[in-house]
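One structure is given here, and the rest of the page talks about it.
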Amino acid sequence: MPKTKKANADKSDKRGKSDKEAKSATKPSKAPKPEPTQSSPKTPKNPKAPKAPKGAVPDEKGLDFARAWVEFPDPADDEQIFRCDLTWLTSRWSCIFGSGCQGIQAGRADDGCCTLGAHFSDEDDEKRVAGFVARLTPDIWQHHEVGTQTGWVSKDEDGERQTRPYNGSCIFQNRPGFKGGAGCSLHILALKEGREPLETKPDVCWQLPVRRTYEWIDRPDDTRVLQVSIGEYDRRGWGPGGHDLHWWCTSATSAHGAGDPVYVSYRPELTELMGKEGYDRLAELCEERLASQLPLLAPHPADPASS
């Protein structure tokens, strides 16, 4: 899974750090401002492009195409603006895990995007997840015995903490045939307890495939504003190794057939990333776009032609 970290809260160093990679996975506090960064997913250092399994149908569109962006002030913070990708947010993408997802590693479609485990954004993220791990029971977590006895956290090659890979995938990933249900046990716990999955899962897990990045903008009148971009987490978001993923869903036609657009289906996640007032304004702009005369300007190429 991509590796993210909270942005540095030291506002005094902002001007000299605009080239650092973004690694923020949680909503920034209003003051001080987070360090402008760009998301940097975690993939193997020397990934090898695997061959597609027999029967797999290549259905991904290209990475470069026209997009419609909108920029608007954050209603809750006059020192912040949002820049949002309406092409992505009004697209008909949806997660198709277990229903056609080909997985990021060839031959392991049942893992979805969980093959590598998930890096924690910071100590608070890990602590929050730990509280819900303690609530998991053997009936909904296939690897409960292993995880509780030998640990569910590991360190990657750079010494950074993540959910432990176990038998080829994240230790919280229930395999097909498990009575408690296949897929993420933390996700299953959330649904069982009537919670949003963003409460129980690591930050990076619930944010995908939405990407949030920050950039300080210096204006001609010598003022600065923090630009928060909300867009598609495409292959490039994973870094150089992203191009060698077996399959990625955001540009795949098979994952673009949902009844609701992303800004509707991802309302809880976008609200957490933008704040309620910011999300409400985004929703208004998305609705205006969809209500405009068809065909839409710069539709997502993976969407059905009739969308």
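For R92, no residue whose modelled amide H falls within less than 5 Å of its own remains once neighbours fewer than 5 places apart on the same chain are excluded.
Segment S254..K192, full-extension length gain: 19.5 nm, with 0.36 nm per residue of separation and the alpha-carbon distance subtracted.
How long are the three semi-axes of the equivalent ellipsoid of the stretch 114-207, in whole Å, if each is the root of 5 times an eigenvalue of the C-alpha gyration tensor, listed from largest down?
Value: 19, 16, 12 Å, ordered largest first.
For the stretch 149-307, the fraction of C-alpha pairs more than 28 angstrom apart is 37%.
So, counting K/R as plus one and D/E as minus one, what does the shell of residues with Cβ under 14 Å around D139 add up to?
Values: positive: R135, K179, K192; negative: E145, E193.
Net local charge, D139 excluded: +1.
Estimated at 0.36 nm per residue, the fully extended path between W69 and S99 surpasses their Cα-Cα distance by 7.8 nm.
Treat the stretch 66-138 as a sphere of radius equal to its Kirkwood radius over Cα pairs and apply Stokes-Einstein at 4 °C in a medium of 1.567 mPa s; give the translational diffusion coefficient in µm²/s, rounded to a whole number. My calculation gives 78 µm²/s for D. With the simple spin-label model, which puts each label point 7 Å out from Cα in the Cβ direction, the E145 to K276 separation comes to 4.6 nm. Residue ranges 109-121, 184-196 sort as 109-121, 184-196 when ordered by packing (mean number of other C-beta atoms within 10 Å per residue, highest first).
State the dimensionless ratio Rg/Rh of the stretch 152-193 (Rg: radius of gyration of Cα atoms; Rh: Kirkwood radius).
Details: Rg = 12.1 Å, Rh = 11.3 Å.
Reported Rg/Rh (Cα atoms, Kirkwood Rh): 1.07.
Summing charges over all other residues whose Cβ lies under 13 Å from the Cβ of L290, with Lys and Arg as +1 and Asp and Glu as -1, gives -3. Here K179, K201 are placed in order of increasing Cβ neighbour count within 10 Å, fewest first, which gives K179, K201.
Bear in mind that the values in this text are calculations on the coordinates, not laboratory data. What you see is a predicted model, and the numbers here were worked out from it, not measured in a lab. Glycine gets a Cβ as well: all are built from the backbone with ideal geometry, and neighbour counts include every protein chain shown.
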